[in-house]
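Asks: Got a structure for you, written out below as structure tokens; questions coming shortly.
The values are calculated or read from the model by the stated rules, or taken from the named source; none is laboratory data. Because the structure is predicted, anything quoted here is derived from the model rather than measured. Neighbour counts are summed over all protein chains in view; Cβ atoms, including those assigned to glycine, are modelled from backbone coordinates with ideal geometry.
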Amino acid sequence: METIKVPINAIWDVDLKKKVLERIYYAVPGLADVVFQSEGLTLKVTEAAQVDLAGVGIYVQDLIKNTKKVKPKVLEQATVDPTFVENPFEALKAQYEVFETHDGSFVLSGNFLRRMTIIDTLIRQHAATIGADEMAVPTLLATKSLVANGYLHDFPHHALFAAPVKHDLRALQAVADIRQVSSEDFYQFNDYLGAPDQILAPTVCYHCFEAFRDRQFDKPEVLITALGQCHRFESKNLKDLRRLKHFRMRELVYFGDEASVQRRLNASVDWILEIMRNWNVQFRLVTANDPFFLAESDRKSAYQTAFHLKRELQLYLPFADQWLAVGSFNHHQSVLAEKYGFKLQNVEKSQSGCIGFGFERFTYALYCQFGFLPTAWPVALK
């Protein structure tokens, strides 16, 4: 292990540290640890010669500038005295209610799964109440789709590509002959894999947009809901159930004019906040922005925050004294409507929006507040 220093003049507050840690592992090959110091960063890496030291310094400086521009605003908050102050993760594992099969991927069962299913049922009922149609969506999306809609430009660090074995007898035989493999040996597969023309879906709503590509609707508004599996590469940022590589999400997707999309988003915010109050959950609603990787996207981040285009429902984790985002409310304006080419009846400029809830996070955050005593839980979730 080697140590290199990146000279940077910065005040490392909690938000800035979090932002740097969430991104720097993608940018530095073989990075094992990061130490924040007044004179800059100290990086522990497997091989210093592989690191673009100047490039890393410029990238972090750009992140600092972006962080100064983009500050979240608390729109609403409810404070509750905590009755449970431990991390429930180890107890959930001991009870086999969550079982990690691979880094960031969990099998769920027992009360954890039961409560997660109840939450999904409540969201489905809300979707049915407003007249949303249900969609069943696949796991994969075409790579060319995520190039065209800009996802790979904004979030290249999260992409998990899928590729088949080559149409080649020697490649097929070579893979068939592999009997065991360590993490250091995975690169041998590169010689045998074909083109990665598909990507594990990072969101649910992209499936809906793809289904509506170039569609002409005979009504001014379309409402959709879907449950799907989402996949995002998180490098070394994986952390119990707070940050996963694979997770389950239900989304509601709204298509209409600007006013109708905003009205639907606001109504969904009001609906979920009322449930949080009824459950006596400590929560807050904040303005937010997407974790764009490239520094050139800082204008997008600032724009999202300034115009409240992205809002997050965050639940408090007493044991960590941290807030965890469990749901988001996003107004895409006309960006995705134009990229996918769908049009609505009598709507001059079609727009879209979506809300999404990450179920593992949501359920885990509730365990962090309510613990394991049934009497501590809301009636709907006992």
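Asks: Looking for whichever is at pLDDT below 80, surrounded by 14 or more Cβ atoms within 10 Å (Cβ to Cβ) and out of contact with any Asp or Glu (no Cβ under 8 Å at 6 or more places or on another chain) here; the options are Leu63, Leu75, Leu31, Leu41. Which one fits?
Replies: Of the residues listed, the single one that is at pLDDT below 80, surrounded by 14 or more Cβ atoms within 10 Å (Cβ to Cβ) and out of contact with any Asp or Glu (no Cβ under 8 Å at 6 or more places or on another chain) is Leu63.
Asks: Something else now. Out of (1) touching a Leu at 6+ places or on another chain (Cβ under 8 Å); (2) under 30 Å from Lys310 (Cα atoms), the odd one out for Tyr59 is which?
Replies: Evaluating Tyr59 over (1) touching a Leu at 6+ places or on another chain (Cβ under 8 Å); (2) under 30 Å from Lys310 (Cα atoms) leaves (1) as the failure.
Asks: Run down Phe89, Phe36 and say which single residue is over 30 Å from Lys219 (Cα atoms), aromatic (Phe, Trp, Tyr) and touching a Leu at 6+ places or on another chain (Cβ under 7 Å). Working first, answer last.
Replies: On the way: Phe36 fails: touching a Leu at 6+ places or on another chain (Cβ under 7 Å).
Phe89 is the lone residue from the list that is over 30 Å from Lys219 (Cα atoms), aromatic (Phe, Trp, Tyr) and touching a Leu at 6+ places or on another chain (Cβ under 7 Å).
Asks: Filter the stretch 201-242 down to the residues that are β-branched (Val, Ile, Thr) and assigned to a loop (DSSP other than H, G, I, E, B), then identify the one that is nearest to the chain's Cα centre (by Cα).
Replies: The extreme case among them is Thr203.
Asks: Among Asp191, Asp218, which is in contact (Cβ under 8 Å) with a residue 24 or more places away in the chain and on the phi < 0 side of the Ramachandran plot?
Replies: Details: Asp191 fails: in contact (Cβ under 8 Å) with a residue 24 or more places away in the chain.
Result of the check over Asp191, Asp218: Asp218.
Asks: Also: Which residues, taken from the stretch 88-116, are in contact (Cβ under 8 Å) with a residue 40 or more places away in the chain and surrounded by 16 or more Cβ atoms within 10 Å (Cβ to Cβ)?
Replies: Once the filter is applied, which keeps residues that are in contact (Cβ under 8 Å) with a residue 40 or more places away in the chain and surrounded by 16 or more Cβ atoms within 10 Å (Cβ to Cβ), the stretch 88-116 yields Pro88, Phe89, Leu92, Val98, Gly104, Phe106, Leu108, Phe112, Arg115, Met116.
Asks: How many of the residues in the stretch 1-51 are in a strand (DSSP E or B) and farther than 25 Å from Arg242 by Cβ? Before you say what the answer is, go through the steps one by one.
Replies: So the first thing to find is which residues in the stretch 1-51 are in a strand (DSSP E or B), and the list is 2-7, 31-37, 40-45.
This time we only want the ones that are farther than 25 Å from Arg242 by Cβ, so: 2-7, 37, 40, 42, 45.
Qualifying residue count for the region: 10.
Asks: Here's something else I'd like to know. Just give me the residues in the stretch 6-28 being in contact with a Gly (Cβ under 7 Å, 6 or more places away or on another chain) and surrounded by 14 or more Cβ atoms within 10 Å (Cβ to Cβ), in sequence order.
Replies: So in the stretch 6-28, the residues in contact with a Gly (Cβ under 7 Å, 6 or more places away or on another chain) come out as 6-8.
Across the stretch 6-28, the qualifying residues are Val6, Ile8.
Asks: Suppose we filter Glu100, Glu76 for residues that are under 21 Å from the mean Cα position of the chain (by Cα), not in a helix (DSSP H, G or I) and not hydrophobic (A, V, I, L, M, F, W, C); which single one remains?
Replies: That would be Glu100, the only listed residue that is under 21 Å from the mean Cα position of the chain (by Cα), not in a helix (DSSP H, G or I) and not hydrophobic (A, V, I, L, M, F, W, C).
Asks: Would you please name the residue that is farthest from Tyr340 (Cα to Cα), looking only at residues in the stretch 136-167 that are of a type in the set (Gly, Ala, Ser) and modelled with pLDDT of 95 or more? Outline the logic, then answer.
Replies: Here is the first cut: in the stretch 136-167, the residues of a type in the set (Gly, Ala, Ser) are 136, 142, 145, 148, 150, 159, 162-163.
Narrowing further to those that are modelled with pLDDT of 95 or more: 136, 142, 145, 148, 159, 162-163.
Working: Ala136: 19, Ala142: 14, Ser145: 9, Ala148: 9, Ala159: 20, Ala162: 23, Ala163: 25 Å.
So, considering only residues that are of a type in the set (Gly, Ala, Ser) and modelled with pLDDT of 95 or more, the one farthest from Tyr340 (Cα to Cα) is Ala163.
Asks: Then there's this: Check whether at least one residue in the stretch 187-200 is assigned to a helix (DSSP H, G or I), surrounded by fewer than 12 Cβ atoms within 10 Å (Cβ to Cβ) and over 28 Å from the mean Cα position of the chain (by Cα), and report yes or no.
Replies: First, pick out the residues of the stretch 187-200 that are assigned to a helix (DSSP H, G or I): 187-191.
If we keep only those that are surrounded by fewer than 12 Cβ atoms within 10 Å (Cβ to Cβ) as well, we get 187, 190-191.
With the extra rule that they be over 28 Å from the mean Cα position of the chain (by Cα), the set shrinks to 191.
Yes: the stretch 187-200 contains one or more residues that are assigned to a helix (DSSP H, G or I), surrounded by fewer than 12 Cβ atoms within 10 Å (Cβ to Cβ) and over 28 Å from the mean Cα position of the chain (by Cα).
Asks: What pairs come up if the first residue lies in the stretch 132-144 and is over 16 Å from Val253 (Cα atoms), the second is of a type in the set (Ser, Thr, Tyr) and outside any strand (DSSP E or B), and their beta carbons are under 6 Å apart, counting only those six or more places apart or on different chains?
Replies: So the pair list comes out as Leu141/Tyr206.
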